[in-house]
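First the structure, in the form of structure tokens, and then the observations on it.
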Amino acid sequence: MLLKWEDNYSVDNEMIDTQHKKLFDLAQKAYLMTNRPVTKEEIKIVLKEFFDYMHEHFNDEEAYMESIGYPGLEEHKKFHRQIIFNFSEAIKTIHSANDLKDKVGVIAKEWLLQHILKEDMQIRRYCKERAYVENKSNENIYEYTCACKGKIHRVPLEIHQKIQTQNAKFMCRFCKQIIRFRS
């Protein structure tokens, strides 16, 4: 039996959590194929959907980690590359429908879900610790957004006041768009 999404798996980012939920659903869909007769074509379709979405998610998750200054970004990218590599290698070594079904179970359960439950939870811990440090310093921090998906710019009071009272413009260094106050 595969794990189902629970709120305590959240990394406290709506976009990433939504993607994780979909990955759980895709993993469940793939895993359920291991317990019923399926054609190679059905399995290939599910694996392609799973692989494509996993790749998209990893790109978005890495952009999010970069936006929050996550110190483990490079190591996390290595985990992502290893999962993609292992996924590709497993698909290449399939010799029969039963072999294919076994690989689906491994991919769904061990590589991806264990990655979310172990590695991605470190992102959540980092954000909580960082928020604690910011709050502890009694410094007023204001949140701004830009065109980047899920990116939050944390702005100190001095910059916030310049933006609000002097109509100063600050740009995101990634998307080159003006940051806007997050209300």
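Quick look at the numbers
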{"quantity": "Unmet requirement for I43, which otherwise passes all of (1) among the β-branched types (V, I, T); (2) within 22 Å of G150 (Cα to Cα); (3) in contact (Cβ under 8 Å) with a residue 40 or more places away in the chain", "calculated": "(2)"}
{"quantity": "Which numbered condition P37 fails, given (1) without any contact (Cβ under 8 Å) to a residue 24 or more places away in the chain; (2) part of a helix (DSSP H, G or I)", "calculated": "(2)"}
{"quantity": "Residue list for the range 81-100, filter: modelled with pLDDT under 80 and either in contact with a Lys or Arg (Cβ under 6 Å, 6 or more places away or on another chain) or surrounded by 11 or more Cβ atoms within 10 Å (Cβ to Cβ) (or both)", "calculated": "A90, I91, I94, A97, D99, L100"}
{"quantity": "Unique residue being at negative phi, more than 10 Å from the chain's Cα centre (by Cα), surrounded by fewer than 13 Cβ atoms within 10 Å (Cβ to Cβ) and at pLDDT 90 or above when the list is K4, K40, K78", "calculated": "K78"}
{"quantity": "Looking only at the range 152-183, and only at residues there that are part of a loop (DSSP other than H, G, I, E, B) and of a type in the set (K, R), the one that is modelled with the lowest pLDDT", "calculated": "R182"}
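The values are calculated or read from the model by the stated rules, or taken from the named source; none is laboratory data. Here the structure is a predicted model, which is why all the values come from computation and not from measurement. So basically every Cβ, Gly included, is an ideal-geometry build from the backbone, and we count neighbours across all protein chains shown.
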